[in-house]
Structures are given as structure tokens and as C-alpha cells.
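Taking it in order: structure first as C-alpha cells, then the write-up.
Derivation of every value follows stated rules applied to the coordinates shown; laboratory data play no part. None of these values were measured; they are calculated from a predicted model. Note that we place each Cβ from the backbone using ideal geometry, even for glycine, and neighbour counts take in every protein chain shown.
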């Protein structure tokens, strides 16, 4: 059996962990530079405001409903995610972290005496007791069905308390009959539209389709999805999250940038992010692209330029990527331009085991140094250790006007309790 454990409205729920005063209030979390809405708790969703819309357009409407606004506190979210995963890991011999707010558990040869539903509730209670995050649990015989069970526990009538278990053909059909095809893991909106034209309107009809026909019509991934919906495990841990073919880090400036130093610092910061993400998936960068542009909504002053740096030997060493960023800044910067956004992207990646080294490479890899830096940043919080080239508290950094304290990663923000 497999279980999917995922946090409910993770960003919004994380904001409530150390601030009990807002636990019963509608909470809205904004994206980088406080531009758009990226997360809402259930109370906030009841206002009718949609996610991913520009914040300035609904600011007054949210204020009328008494919504609490928060900027994205990535340092807090990352730390709470780690704590949540540590608690969940105790409940199964194998765990696979799928994203910041969800993970899979595999129970090989294990059946709880209390039953799967009670066991799922034990997981939910443990996470709430130790981390104060509400989570949902879906349990089934395959990862795809576990995803479907998780969906049912949160959204489908007849299931409640945040948990659903698919342990019989009857329950499987009951859940899949109520699921739209686009809600099935591995089926996006485009594939769902094509399925609709074929007369397949829900997950149960998809499960009843011929796997071979789905492979011929779509791909082997859709065939696997059909087989998984019928209880046949087709996905291994390594396949539930494939390595990215490209990695990008981009961001609009919090303030206008007109000088070379600020532009160079921003490109170095993005290069550092790309390197860390590449190492996380055991990849190396063969080619990296840097860019910067002015505000596209001011066409009379618009400027955009990019350049590509290719490495003789693929690398994930941050220092090498930062050197490339420094060279790129010289090519991209133009006096008189008001830069609005910059970024870096690894456009060609190679898995570490396939790297062809060069005996005469003048820039050898330093995996021990990079591993040490990654370890420190995981333990003490993101950006604890980094390259000086990205600057220290630069003025152009991301605008976060509604940022909550970083309770678990900054000494100055540790909650203070007065005992009287």
C-alpha cells in the first residue's frame, strides 16, 4: 500500500503555526514582490477571490472580508516542510518527498492492526501535534490511486476528516466516478480535453479504457496512469518526480535597477539558485543562459538582452556559475536602462553519471565544498551560506511588505514567551 500525505493550503497554514491570533481568520499569501495571490486558506477561498490574480486588483475586496495578507516567507515554509516530513517519515519504512508540501509513503509487507483509516488519522494527529500543520492522507494500492484518495478526502462528498482509503473495488469505483479526468495525477487539462472528445469524462471511465489504446493515442505515461487506476503499480520512486530538463531562476526587482553592480549581483544570485537546484537533482549545467530586461509595459523604453555561457565540462559548482554570471553582466548591462527583471536558466543539463570529464580542465569540481554549503543551508535555513558576489542585503532584493517573522531560522525572530 501507498499513502500520500499533503498539507492543506500549505503556505497559508504555515503562516498560522506561530501566530494563533490568525488561525480563525482568512489568510492570503502573495507571490514574489507581493504581485499575485499564490495561496489561500479555506476561509479566504470563501470570499470568492481567485488565486493567481494580481493583488492590487482585489486588495480592497480582501480588506472588506478582513483577510490577513502575508508575503511569501520561503525560509519559514522550507523549515516547516522539513519538520513535517520528519514526523511523517516515522510512520513507514520508505518515504519519498514529492514536493515542499507532500510526500509518498510505501508500506511493504505492513498492515496496521488498527486499520488503514485509523493509521491515517494517527499520521494527521502527529503532524498537527508536533508541527501544527493540517494534512490530508490518501491511502491506496498504487501512487496514482493514493493521489485520488487524497483528492477524495479533501473534496468529494462522502469522505471527511481529511482521509480516504481505497481498499476495495467498491470504494475505488465510488471515488473515480466522482473525479474529473483532469484531477487524475498525470492527466493535464489538454489531455483531459482530448479524452472528453473520446467520451471519457471521469476517472472511472479512464480506468475502464484500454491501456494499449491509451498508449497508442497518447503516450506510455497515460497507459501507466490507466494501469495504476486499476491497482497495478507502474511507478517507481524515481519516476514520481523526474529530473528537470531545464532549471530557471528569475525574479522582478523590488526596486528599479540602473547600475551595473546591482545587475551583476542579481545574476550571481540567480546563478547560485540554479546551481543549488541542479545539485539537488544530481545534475550538472552544460549551458546556462542569463538575461535582463526593462519593463515590457513601457515599450518606448524597452530593452532586453540575453547571453549563453557553455562549459567545456558540465558543472554544478556555484563558483563557476557565478563567474559565468559576472561575464554575462558585462555583456548585458547598458547605461541608461531601467532594469525590471533578471534571471538565469540552465538550458542544457546532464546527469552526474553521464559527465565526460577533461583531464586538462582548469576548473575542477569541488563537490565536498558544495555538499558542505548545501548541508549548512538545509540545516540553518536557505541563504545562510552563499557567495559574496550576490551582495548583502541589496536594495533591489525582493519586495515583501507583509513578511511574517522567520520564527525558526532567524535568532531575532525566535518567539518570546513571558511566564508570569
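Some notes on this structure:
- The alpha carbons of segment 1-168 stretch over 54, 33, 25 Å along the principal axes, in descending order.
- Cα-projected label distance for residue 412 with residue 245, points at 7 Å along beta-carbon direction, nm: 4.5 nm
- Full-extension gain in nm, residue 300 to residue 393, via 0.36 nm per residue minus C-alpha separation: 30.3 nm
- All distinct Cα pairs of segment 247-390 go into the 1/r average, and the inverse of that average, the Kirkwood radius, is 15.7 Å.
- Cα-based helix-to-principal-axis angle, 367-380 vs the chain, degrees rounded to 10: 70 degrees
- Order of 15, 365, 57 - criterion: other Cβ atoms within 10 Å of each residue's Cβ, fewest first: 57, 365, 15
- Estimated FRET transfer efficiency (residue 23, residue 280; beta-carbon r; R0 30 Å; 0.05): 0.40
- Point-to-point label distance, residue 173-residue 117, nm (Cα→Cβ direction, 7 Å offset): 2.0 nm
- For segment 26-73 and segment 1-20, distance of Cα centres in Å: 17 Å
- Distance in nm between pseudo-label sites at residue 327 and residue 56 (7 Å out along the Cβ direction from Cα): 3.9 nm
- At an R0 of 35 angstrom, the distance between the Cβ atoms of residue 90 and residue 64 translates into a FRET efficiency of 0.20.
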